[in-house]
1. From other protein chains only, count the Cβ atoms within 10 Å of every residue's Cβ in B:110-121, then give the mean.
2. Taking the Cα of C:Glu67, stepping 7 Å toward and past its beta carbon, and measuring to each backbone N in the range C:167-191: which are under 14 Å?
3. Report the calculated FRET efficiency for B:Val338 and A:Trp51 (r = Cβ-Cβ distance, R0 = 22 Å), to the nearest 0.05.
4. Could you rank the peptides C:91-104, C:175-188 by their average count of other C-beta atoms within 10 Å per residue, with the highest value first?
5. Given the protein chains as shown and a 1.4 Å probe, how many square angstrom of A:Val48 are accessible, to the nearest 10?
6. Ignoring ligands, DNA and RNA, what percent of the 1.4 Å accessible area of the range A:1-58 is carbon and sulfur?
7. Can you pull the mean other chain C-beta count within 10 Å for peptide A:36-45?
8. Using only alpha carbon pairs under 8 Å that are at least six residues apart, calculate the relative contact order of chain B and give it in whole percent.
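The values are calculated or read from the model by the stated rules, or taken from the named source; none is laboratory data. Source: prediction; values computed, not measured. Cβ sites come from the backbone with ideal geometry, for glycine too, and all protein chains shown count toward neighbours. Protein only, heavy atoms only, side chains kept; ligands, DNA and RNA dropped before computing areas. Shrake-Rupley method; radii C 1.70, N 1.55, O 1.52, S 1.80 Å.
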Amino acid sequence: MNDAPLWEVFIRSQHGLAHKHVGSLHAADAKLALLNARDAYTRRNEGVSIWVVRAADIHASDPREEDTLFESPKGKEFRHATFFPTPEGVKNL
Amino acid sequence: MHTNATSATEGDASKMPEQAPEQAPEHSPEQAPEQARFERQLDQGIPIESADWMPAAYRKTLIRQISQHAHSEIVGMLPEGNWLTRAPTLERKSILLAKVQDEAGHGLYLYSAAETLGVTRDAMTLDLLARRAKYSSIFNYPTLSWADIGAIGWLVDGAAIINQIPLCHCSYGPYARAMVRICKEESFHQRQGFAIMTVLARGTREQQDMAQDALNRWWWPVLMMFGPPDHESTNSDQSMRWGIKLHSNDELRQRMVDQTVPQAQFLGLSIPDEQLAWNEARGRYDYGAIDWDEFRRVVNGDGPCNQERLAARQRAWDEGAWVREALEAHAQKQATAVAAA
Amino acid sequence: MAMSSEAVVARRERLLQLADSNLILAQQLTAWCGHAPMIEEDLAQANVALDLLGQARQWYRLVCASEPEFGDEDRLAMLRDVAQWRNLLLCEIANGDFAQTLVRQALYDEFHVVLLTALVASSDAGIAEIAAKAVKEARYHRLRSADLLVRLGDGTSESHARCQRALDRLWPHVAELFVDHEGDALLAAMGVAPLPSSLEETWGQAVGTLARKATLTLGAVASARAGGRQKRHTEHLGFLLAEMQFMQRSYPEATW
């Protein structure tokens, strides 16, 4: 049986700012994971930089706590520029 | 993505449910808020992710559907792979190789999506080899000529696209995302097949006959790809409610017929169905009866190539065991050496 | 640059050796598609095959551009019989098990990188241009095959035994990589391509280091078995060509 760990793959495109999650694969270690990721996820010029992270090392917020964690920003739209009117004729605002 | 959902407030990591789905009740009273949340996500089109609560039956159905889809991609490499060494030009060889390689990639994406639901790739592979899991019956048919490669791209991938595009909006996030990636790559597959058919249809007498013969052999099995007729299809209602299945079998099958008839006309090839006729009132094509006995036989293991396909996958598994073991052993040695240093 | 007919022939022979070697190797690798030990390897093998196929096609086109009587890439690939192929015998040795395929690849990739690195500096612009892209691909192939060889050479006792067996089987074919044939001295003098013998030391050091890391033992360097450019092939090539060429030979009037 093959116990090669599962890795999550993140690719940053040539003109992208951030690495984006594209999928996962199995590999015995990080070096092989990078090579496999290159073969599986960059055949169509998708990227110039690859990150691989062991799936077991990714920690996520608990969906059951969604309300607790994410309630506060609601009702505070003044954090967005669009909340404020832009007076006509005034530049550089 | 397979995540460890960690409760920020309680400090313990939640785990995937461990009871077998059949034993777990659909949901207990304690899970009513969970169920409500799940339903709300479905209603609002918010993707269900791997750490979200989901009914055991939803998880089980998805594991079956996604893994069988993955198996289909991998087994699907074999009928076309047969012609890699015999492709008639270097360009056709290159294109076919890129296509078959894509199919390996699709299998990879889909196995990975299924793994987010708590099943390992190895377990899924063993289910396939033990005939506990199925794959698309279309791949149990032989590729007898180069025209078959054209027919597969044109018809089989054409049908797959019809099935797959709706799945880009399915309720389960990892599956939907895998499908988006697959659909993007799949678009060249169908064109590749149609390009081959076009060259054959305009070629020598022998090439035209080759193309027509391939169409004759693949047409009906392709229509069977969409599954049994609606009135015989179990579980469809539940799958639709869950956002896993978005259209009925017959609906998609009809779409395939309507889309393909004009393409065959363009090629100057005739579809092997004497009852095929445009129905003005319905605005769709009427088509003849499908031999569901053949479908059942092939799905249950008695098709032309079932034995060969599984034997090939079994051989790859068996003969590759020493490689997989060696990779693991080497990684262990390295890890031990690093720890000791 | 107007070339003497001697130079034209020498250049063609050298390019065909490279193109034929790449194509035969690619053809063999495609057989692994759908049968590799894991999906990640199906993808990896196909990648290498696609690259080598692409490079072969470019070399064939370069030859046909200078000598139109050769037709096109498909005429060269599909209509020549065994005796007209110039590939290295190493490339036509059968796949065998995964270890044999891998060892064959690792030995070839080291050679391929050394050769292409030299060709990047070729005085022949057409050659230099193709080599510039090809060497990047070859470096990736080498990265992969070397990494995998270390893992399998130093994995389990079974994987080690298989790799060693493969290396013993393939080693006699390594000498051919560095044989100087008629015309090679002229190409070297013109700066078109390096003398094959001049590549041996670099290759030998790289392969020696790799073998050590992989805990494998290299054989003694043997004298070259008669090779492709001397039109002495193995029995395997005939079967490989029969399969590859069958469509074109069966349907001579057709285009695909």
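1. 3
2. Under cut-off, by backbone N: C:182-184.
3. After rounding, the FRET efficiency stands at 0.60.
4. C:91-104, C:175-188
5. 90
6. 53
7. 6
8. It rounds to 16 percent for chain B.
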